[in-house]
Amino acid sequence: VLAPGATIGILGGGQLGRMLSLAAARLGFDCHIYTPEENSPAARVSARQTVAAYDDEAALKRFAQQVDVVTFEFENVPAAALRALTGSGKPVFPQAASLAVAQDRVDEKEFFARLAIPTAPFAPVNSRAELDAALDKFGAPAILKTRRLGYDGKGQARIMAREDAPAALKAIGAHPAILEGFAKFDTEISIVAARSRTGEFAAYQAVENRHEDGILRTTTAPASVAMGIAVQAQKYTQAIMEALSHVGVLTVEFFVMPDGKLWANEFAPRVHNSGHWTEDGAMTSQFEQHIRAVAGWPLGSTAIVSKVEMTNLIGADADRWQSYAADPEMRVHLYGKGDARPGRKMGHVNRLFPRK
Ligand SMILES: Nc1ncnc2c1ncn2[C@@H]1O[C@H](COP(=O)(O)OP(=O)(O)OP(=O)(O)O)[C@@H](O)[C@H]1O
Ligand SMILES: [Mg+2]
C-alpha cells in the first residue's frame, strides 16, 4: 500500500494524465509524467516529468527508479515499454495483458467472444479478397477499422454499399484491419469500473453516450436504459476485468440493440472520456478511483450524487469558456492546451441537476 507522499508514475501526458495527477495530488501523492511531448497538459500540473520517447530504454529505467508505482493514461504505450518497466521491479498497474488485448481490435473482439459477450459480426481483413469475403458474409453497411492505433473515429471508413470497398481500403491505408458489421443500435452506453489490488470491484452506473463525427459529444449520467440492461453491462464489465486480473479503472463501450441485447464495442484499460461526469456527479471521481486502485487503497464509493450531462469542448468550443463559466449549473474543466485545432478535445463541461 502506498502512503501519501509516494510518487505515482504515469505514462502519457494528455488530459487524462492531467486529471489523474490532480486527483492524486488531493490524496497527497506526487506524480511523475513520462511523455514524448514537451509542455504536456499532464506535466504542467505534476511534480516531475520525463520527456522521452516510449522506446527510450535508458529513460524508462531512470523513470522506474524515481517512482513507486507505474500506471498509464495512454492506451497506445508500446507493450515493450510496459514490459521493460515491469522488469524494473516496480509495480505496474494495470498489467501488460490489459493493454495488449485492448490495442488490437481483433484480439479484443475474440476476447469478448471467449467470455460469451456478444459483438457486431467481425472478420480480420488484410487484403481486398478478405474484405470481399467478409462483405459476402455479413453484408453492407459495415465499418472497416485499422486493428491498431485508432481513436476518436480515426482509422475508420464506412462501407455503405459494396462499391465503397476499394475507397474504404484506400482511406485506412495499408494496415491490418477489421471489418465490423454495422450495429443498428438504439443507444450507446458505457460502464466505467474499477478493480483493486485485492480484487474488490466497483462500477459506476451505466451512462449514455452520443457521438458526432466519430467523437464523443455528450455523456448523460445515469443512462435512461432499463435496469436489467444496466446490470447486465456491469456484469460483462466485471467478467472482463476478472479475466484480465485488471487493477485500476477500465471502461467498456456497448451498443444497446433494439431487442435489448448488449453488444460490446470496445474497452479501454483506463479512465475514459465517458467517465468525466464523475468529477462532479459521483462520490469518488474515476481519476481518484484509479489512483486508489493502483496505490493499493480501498476503492471509493461510486454512488451518484447528481445527474450530469457532460459535453466535450472540441476545437473552437473552448473559446466560449466565459459563458460556460458564468453558468451556475456548469462546472468547467479545461486542459491547458494552447492550440484549438478542429477535432481536438480542449476541455469539457459538466452540467449538474442537483436535487432541489
Ligand atoms: N460496428 C459499428 N456499428 C455501428 N456504429 C459503430 C460501429 N463501430 C463504431 N461505431 C460508431 O463509431 C464510434 C467510434 O467507434 P470506436 O469506438 O470503434 O472508435 P474509436 O476510434 O476507438 O473511438 P473512441 O476512441 O472515441 O472510443 C462508436 O462509438 C459508434 O458510434
Ligand atoms: Mg470507442
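Here, each number is a calculation from the coordinates, and none is a lab measurement. Keep in mind it's a predicted model, so treat the numbers as computed, not measured. So basically every Cβ, Gly included, is an ideal-geometry build from the backbone, and we count neighbours across all protein chains shown.
Quick one: angle between helix 286-295 and the longest Cα principal axis of the chain, in degrees between 0 and 90, rounded to 10, please.
Its long axis makes an angle of about 70 degrees.
Give the Rg (one decimal place) followed by the Dmax (whole number) of the range 128-250, computed from C-alpha coordinates and expressed in Å.
17.5, 52
How would you rank 336-342, 35-41, 310-316, 263-269, highest first, on the average number of other Cβ atoms within 10 Å across their residues? All intermediate terms of the calculation are to be shown ahead of the outcome.
Numbers: 336-342: 11.3, 35-41: 17.6, 310-316: 19.9, 263-269: 22.1.
Taking the mean over residues of other Cβ atoms within 10 Å, the ranking is 263-269, 310-316, 35-41, 336-342.
How large are Rg and Dmax for the range 1-144 when only the alpha carbon atoms are used, in Å?
19.1, 59
Within 10 Å of each candidate Cβ there may be at most 16 other Cβ atoms; applying that plus a DSSP loop requirement, which trypsin sites (Lys or Arg not before Pro) in the range 1-107 survive?
Details: sites: R18, R26, R44, R48, K61, R62, R83, R105; in loops: none.
Hits after loop and neighbour filter: nothing returned.
Can you give the FRET efficiency for D152 and T198, using 1/(1 + (r/R0)^6), R0 = 45 Å, r = Cβ-Cβ distance, to the nearest 0.05?
Values: r = 35 Å, r/R0 = 0.77.
The pair D152/T198 has a calculated efficiency of 0.85.
May I ask you to work out the translational diffusion coefficient for the chain at 37 °C, viscosity 0.692 mPa s, via Stokes-Einstein with Rh from the Kirkwood sum over Cα pairs, reported in whole µm²/s? Mind dumping the intermediate values first?
On the way: Rh = 20.9 Å.
Once the numbers are plugged in, D ends up at 157 µm²/s.
Given the -39500 (n - 2.57) contribution per DSSP H run of 4+ residues, what per-residue ellipticity at 222 nm results for the chain, rounded to the nearest 500 deg cm²/dmol? Working shown, then result.
Working: 11 runs with 103 residues, N = 356.
Using -39500 (n - 2.57) per qualifying helix, the result is -8500 deg cm²/dmol.
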